[in-house]
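The structure under discussion appears below in the form of structure tokens.
The values are calculated or read from the model by the stated rules, or taken from the named source; none is laboratory data. The structure displayed is predicted, hence computed values, not measured ones. Here the Cβ positions follow ideal geometry from the backbone for every residue, glycine too, while neighbour counts run over all protein chains shown. For accessibility, only protein heavy atoms count, side chains too; no ligands or nucleic acids. Shrake-Rupley method; radii C 1.70, N 1.55, O 1.52, S 1.80 Å.
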Amino acid sequence: MFLPSLSGTIEEEVRKRVVPVQQGEIPAHLTLCRKRDLAAIRERVRADALRPPDLAFGKAAPFSSCGLLLPCLAGLDSFSVL
């Protein structure tokens, strides 16, 4: 999921400081699943077999040397079912 333009925002300033190489190469985004899994997940949600999960996240923390991790505090079980 790509975020709308962040030019001049606090989020873009964080990206410049935390992941400058990535910030210069690709737009800000969240990775919730692999692209190859997306069609199957959409179909399961459309078929009403599953409801989209309601997720809650904690504070951001550095992830390896290439990003930020937002730990999931609630909703992980329903997300894992997808």
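Filtered by the rule that a residue be in a helix (DSSP H, G or I), of a type in the set (A, V, I, L, M) and either modelled with pLDDT under 75 or open to solvent by 80 Å² or more (accessible area, probe 1.4 Å) (or both), region 19-44 gives a lone residue, Val21. Whenever a residue of region 13-24 is of a type in the set (Lys, Arg), its partners that are at pLDDT below 75 and not in a helix (DSSP H, G or I), lying with C-beta atoms within less than 9 angstrom and at least six residues away or across chains, give the pairs Arg15/Leu6; Arg15/Ala28.
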